[in-house]
Structures are given as C-alpha cells and as structure tokens.
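Notes for the one structure printed next.
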Amino acid sequence: MGDRPTTRTAKPFARWCADTERAFLLALKLTGQVTKACAEIGRGTSAAYHRRDRDAEFAEAWDRAVADGQAEWAALSVERAGPADDGAGGGRLGRGHNRIDGWDKHRRGAFLRVLGRTKDVREACRAAGMSSTAAYALRGRSPPFARAWEKMLAVDVPSVLDAALERAVKGWVEPIVAGGKIVGERRRYSDTLLRALLLRDADKEKAVRKASAAALAKQPKSKQALEKLAHEAAEAAGGYFSHQYASREETNASLMKSLERLRQRNSEAQARAQQREWERWQACWGSRAKAAPLLLAGPQGDVAGVELLA
C-alpha cells in the first residue's frame with residue numbers, strides 16, 4: 001500500500017493570538033481553574049503556562065482574572081448566605097449555619113418580631129411554634145441570635161400614653177369635605193386628652209411627694225436607732241459596721257476632759273462632806289461651850305477655841 005496523505009483537522013485557537021488570550025482569561029475568570037479554562041479553548045495547560053512565562057502582560061492579566069473571579073465568587077456566596085447577624089428578618093445563625101434544632105429563618109424572624117413587640121419570651125415562642133427551652137438553648141449556642149435577642153428587648157415600644165400625648169400635642173390632620181369632595185385639610189387637637197395627661201402627671205407627682213414624706217417620717221432619728229439600722233444593713237450585705245476611729249490627739253483630749261470632770265466631781269463631793277461635818281460639829285458643841293476655851297481641831301483643819309463643859 002502506498003502512503004496516503006493524511007489531513008489534520010485544524011483545532012480552534014490553534015495559535016495564541018489576541019482572541020485566544022481573551023477567551024482563556026474569560027474562561028479562567030468564570031471557572032477559577034487553569035485546567036478547565038484550557039479545556040474550554042482547546043489548548044493544553046503546558047502551552048498556557050509556557051505563554052505565561054514568556055509574556056509579562058499576559059501573566060498580569062492572568063492574575064487579574066483570577067482575583068476578579070475570586071471576588072465575584074465571594075460576593076455571590078455572601079449574597080446567597082444572607083446577613084451574618086440574625087435580626088428580625090431571620091438571617092444566618094453563624095458561619096455556614098442556617099438551621100439549628102428546627103429554628104429556620106422564618107421561625108427566628110417570627111420569634112424576634114413578637115419579642116420586640118411584647119417583650120415576652122413565652123409569647124414569642126408561641127408565635128414561632130417552639131418551646132422556651134429551645135429558645136434559650138439556641139441563644140446559648142448562637143451569638144448572633146443572642147445579640148438579636150438583646151436588640152429586640154432594647155427596642156422601645158410605643159405605648160398608649162405616647163399615642164395620646166402625640167394626639168394631644170401634635171394633633172392630627174382632618175380633611176375638609178364640601179360637596180362630596182375634599183377641598184382642604186385642618187389640624188385638630190384634643191384638649192380633653194391634654195387635660196387628662198396633665199391631671200395624671202399632677203397626681204403622680206403628688207403621690208411621689210407623699211411617699212417621700214412617709215419614708216422620711218419612718219427614718220430613725222436617734223443615734224442608737226441609726227446605728228442599729230447600719231448594723232442590720234451591714235449584716236444583710238455580708239459585712240460589718242464599725243465606728244470611725246479617732247486620732248491620738250482626739251483620744252488624748254477626750255481622756256483629759258474625762259479626768260477633769262472626775263476631779264471636779266471628787267472635789268465637789270469632798271466639799272459637801274466637809275460642810276456636813278462642820279454643821280454637825282457646830283450643832284453638837286457650839287451652843288454648850290463654856291467661857292474657858294479649849295483648842296480643838298475642827299473638821300476643816302483649822303483650830304477652833306471652845307469652852308469646857310461644866
């Protein structure tokens with residue numbers, strides 16, 4: 001047999017031209033892998049790496065395509081996963097978790113919305129169809145859910161009093177109808193609500209003053225009562241109550257005052273005793289004495305002259 005000429009089928013992008021580079025870079029950005037990108041354009045990986053080593057601009061475009069592809073994949077994964085913080089809409093519980101023990105995003109959202117409105121855990125669990133035990137268990141396991149829980153508890157809920165105050169002070173818009181058509185509008189205010197709110201505040205302030213006066217009247221006024229109250233409070237707190245210690249100068253001054261008072265009392269007692277003895281001696285001897293004097297020692301230490309008895 002003679003040799004027959006063989007014909008080869010031309011492969012697409014047989015040579016690395018500008019179109020080949022653009023196609024490879026686009027495939028690399030979409031797939032993120034060199035093998036898959038080369039398969040898409042019908043070229044081998046060795047040829048791609050060989051061209052990368054020879055062309056600096058192609059290598060730079062290669063790295064830029066990989067970085068752009070990774071950034072797009074990261075943004076897409078975050079968008080699919082939802083917000084990391086589990087708010088009232090029921091976001092992710094944590095990294096890579098969207099459901100724990102039956103708590104999907106719909107149940108978490110219902111629980112948090114009712115919790116923010118009622119501040120009641122049991123009511124929120126009833127709305128979500130879960131038990132309070134499961135709710136507290138999820139709170140301990142998921143920090144994002146715990147943060148959302150605290151956030152819902154901190155939200156201020158408008159009360160009836162706030163609505164009445166707004167209606168009394170800010171008023172409300174009332175349409176003006178004439179001939180079956182709205183021709184204007186006017187703002188109306190409720191004087192009755194405003195009067196009721198003012199009376200309520202006055203009664204509340206009066207009750208507070210009355211309670212303060214009653215508490216002040218019940219407070220102990222004597223030093224012993226205050227010390228007893230301090231001892232009881234210290235014992236209830238697990239401590240003890242002690243008086244403030246005086247300095248050395250204060251202690252010495254107090255002792256000197258005490259000694260001076262004791263010396264004065266002793267002097268006064270001794271003077272009274274001498275006075276009584278002198279009066280008794282005069283009563284016994286003074287009226288019965290004779291003319292002849294006799295020197296006798298008196299009770300006050302002086303020498304008195306008395307007459308001899310007959």
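Every number in this text was worked out from the coordinates using simple rules, so none of it is lab data. What you are looking at is a predicted structure, and each value in this text was computed from that prediction instead of being measured. Virtual Cβ from ideal backbone geometry, glycine too; neighbours counted across all protein chains shown.
First measure r as the distance between the Cβ atoms of THR118 and ALA236, then evaluate 1/(1 + (r/R0)^6) with R0 = 35 Å and state the FRET efficiency to the nearest 0.05.
FRET efficiency, THR118 to ALA236: 0.45.
Farthest toward the dipole's positive end in the range 18-81, which of ALA71, GLY42, PHE58, given Cβ charges of +1 (Lys, Arg) and -1 (Asp, Glu) about the Cα centre?
Result: GLY42.
Which ³J(HN,Hα) values, rounded to whole Hz and listed in residue order, are derived for the range 142-149 from phi using the Karplus coefficients 6.51, -1.76 and 1.60 in 6.51 cos²θ - 1.76 cosθ + 1.60 with θ = phi - 60°, glycine and proline given as x?
3J(HN,Hα) across the range 142-149, in whole Hz: 10, x, x, 5, 5, 5, 5, 4.
For the range 18-81, what class follows from the C-alpha gyration tensor (a ≥ b ≥ c being the square roots of its eigenvalues): rounded when a/c is under 1.5, otherwise prolate if a/b is larger than b/c, else oblate?
Prolate is the answer for the range 18-81, as a/c is 1.5 or above and a/b outweighs b/c.
Can you give me the distance in nm between label points at TRP172 and TRP278, each placed 7 Å from the Cα along the Cα-to-Cβ direction?
Placing both labels 7 Å beyond Cα along the Cβ direction yields 10.1 nm.
With each pseudo-label sitting 7 Å past Cα toward Cβ, what's the ARG188-GLU260 distance in nm, one decimal?
Each label point is offset 7 Å from its Cα along the Cβ direction, giving 8.4 nm.
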